[in-house]
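> Structure below; questions to follow.
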Amino acid sequence: MKTIVWHLKDEITWLVFWILGMGAYIGLVVFIYPEFGDTFESMMFNIPIVKLFMGQFAPDLMNSSPWDAFLGMEFFAWFGILAGFFPLIFASETIAGEMEKGMMDMLLVQPISRSRVLLAKFTAIAILLAVLCVACFTILVAAVALYLPQSPSIYGYASTFLNGYLLLLVIAALGFLCSSLTDSQRASLSVSITVVILSYIFYEGLSAFKIAPWFTRLMPFHYANPIKTLASRQIDWCDNLILTVMMVICLSLALVVFQRRDIAA
């Protein structure tokens with residue numbers, strides 16, 4: 001518990017930074033929609049490549065709510081990548097970074113197991129990410145209600161943020177795994193960011209042109225499709241369960257690797 005509280009206090013500045021940054025991004029998307037909404041609709045219906053990258057659920061979403069389609073394409077589609085840098089930085093600092101600086105030795109001499117240390121750190125970032133998602137949801141609902149003529153789709157936004165939160169937990173677990181493999185903070189962060197970005201690029205490219213669908217199903221972004229969630233306005237429990245399983249697998253591997261690391265204590 002002390003480790004969790006310490007990390008929560010230590011990361012409060014970073015949390016505020018990410019909330020302000022994502023809040024500004026939300027404000028920008030809401031602000032430009034009245035000016036670019038018609039252009040976006042025209043692109044959606046007249047440029048096939050745009051429809052390809054929005055996926056099979058794009059037409060239904062465009063017909064029911066052009067604003068939600070714009071929001072899904074311009075904000076939610078990037079939310080996992082942009083917000084995902086937060087847990088990756090956290091993991092590289094608190095695992096690989098502490099090993100590199102010798103701070104992990106001081107922590108492990110305490111009467112606490114390595115698994116509890118890693119799980120406490122993961123719990124801390126999970127709480128921070130939950131606060132970030134709730135804050136972004138609140139900002140989005142308020143911005144839509146105040147600035148746009150349409151009413152915010154509260155349940156649809158909440159479902160999409162829940163899905164996005166689970167995606168962030170998968171990214172966090174992947175970051176912990178990469179950080180457990182090395183005691184170099186820079187190497188850990190570089191590898192984890194590269195893996196996440198390449199996964200996103202391959203998923204978007206392959207799924208848009210329907211190439212190797214079996215391969216795209218191995219990527220977490222396949223189960224965090226904001227267009228699908230906004231179109232159905234329902235929680236897809238199957239996708240969320242698969243993301244949870246992916247998170248458990250990555251975190252379990254991180255625990256195994258961390259337990260076997262040669263860390264002087």
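> Suppose each label sits 7 Å from its Cα in the direction of the beta carbon; what would the Ala208-Trp6 distance come out to in nanometres?
4.6
> Can you give the relative contact order of the stretch 125-204 as a percent, counting alpha carbon pairs under 8 Å and 6+ residues apart? Don't skip to the answer; put the middle values down first.
Working: 33 pairs, mean separation 18.1, N = 80.
It comes to 23 percent, rounded to a whole number.
> Under 19 Å from the 7 Å Cα→Cβ point of Thr39, by amide nitrogen: which residues of the stretch 61-98?
Counting backbone N atoms under 19 Å from the label point, the list is 66-76.
> Order by neighbour count: Thr160, Thr123, fewest other Cβ atoms within 10 Å first, most last. If you can, show how the numbers build up before the last one.
On the way: Thr160 29, Thr123 15.
Ordered from fewest to most neighbouring Cβ atoms within 10 Å, Thr160, Thr123 come out as Thr123, Thr160.
> Dipole magnitude of the stretch 2-260 about its Cα centre, charges +1 at Lys/Arg Cβ and -1 at Asp/Glu Cβ only, in debye to the nearest 20?
My answer is approximately 680 debye.
> Helix hunt in the chain: which complete DSSP H runs extend at least 27 Å axially by C-alpha with mean Kyte-Doolittle at least 1.0? Don't jump to the answer; show the numbers that get you there.
Numbers: long enough: 12-46 (45 Å, 1.13); 114-147 (49 Å, 2.05); 154-180 (38 Å, 1.54); 185-208 (34 Å, 1.03); 237-260 (34 Å, 1.70).
Membrane-span-like by this criterion, though nothing is claimed about a membrane: 12-46, 114-147, 154-180, 185-208, 237-260.
> Expressed as a rounded percentage, what relative contact order does the chain have, with Cα pairs under 8 Å and six or more residues apart? Intermediate values should be presented prior to the final figure.
Values: 300 pairs, mean separation 77.7, N = 265.
That works out to 29 percent.
> Please give the FRET efficiency for Leu82 paired with Thr194, using the beta carbon to beta carbon distance and R0 = 25 Å, rounded to the nearest 0.05.
That gives a FRET efficiency of 0.95.
> Please identify the trypsin sites (Lys or Arg not before Pro) of the stretch 222-265 that satisfy two criteria: DSSP loop assignment and at most 16 other Cβ atoms within 10 Å. Which are they?
Those that pass, being in a loop and sparsely packed, are Arg261.
> While we're looking at this one, here's another question. Placing +1 on the Cβ of each Lys and Arg and -1 on the Cβ of each Asp and Glu in the stretch 2-260, which of Leu28, Gln259, Phe79 has its Cα farthest towards the positive end of the resulting dipole?
Gln259
> Return the single residue from Leu189, Leu255, Leu148 with maximal mean-square fluctuation; model: Gaussian network over the chain, springs between Cα atoms under 10 Å.
Taking springs between Cα atoms under 10 Å, the residue moving most is Leu148.
> Taking the Cα centre of the stretch 94-193 as origin and charging only Cβ (+1 Lys, Arg; -1 Asp, Glu), how large is the dipole, in debye to the nearest 20? Could you put the intermediate results ahead of the total?
Values: 5 positive and 4 negative charges, 20 e Å.
With only Lys, Arg, Asp and Glu charged at Cβ, the dipole is about 100 debye.
> Go ahead and estimate [θ] at 222 nm for the chain from helices alone: -39,500 (n - 2.57) per DSSP H run with n ≥ 4, summed, over the residue count, rounded to 500.
-26000 deg cm²/dmol
> Here are some values of volume of the Cα convex hull per residue in Å³: (i) 122; (ii) 149; (iii) 208. Which one was computed from this structure?
Answer label, from the structure shown: (i).
> Mind checking which lysines have their Cα closer than 20 Å to the Cα of Lys228? Skip sequence neighbours fewer than 8 apart in that chain.
Straight-distance partners of Lys228: Lys51, Lys210.
> What FRET efficiency comes out for Ile112 versus Ile249 if R0 is 30 angstrom and r is the Cβ-Cβ distance? Round to the nearest 0.05.
Details: r = 24 Å, r/R0 = 0.81.
For R0 = 30 Å, the calculated efficiency reads 0.80.
Rule-based calculations on the coordinates, nothing more; no lab input. These numbers come from a predicted model, not from an experiment. Counting neighbours? That spans all protein chains shown, and the Cβs are built from the backbone with ideal geometry, glycine included.
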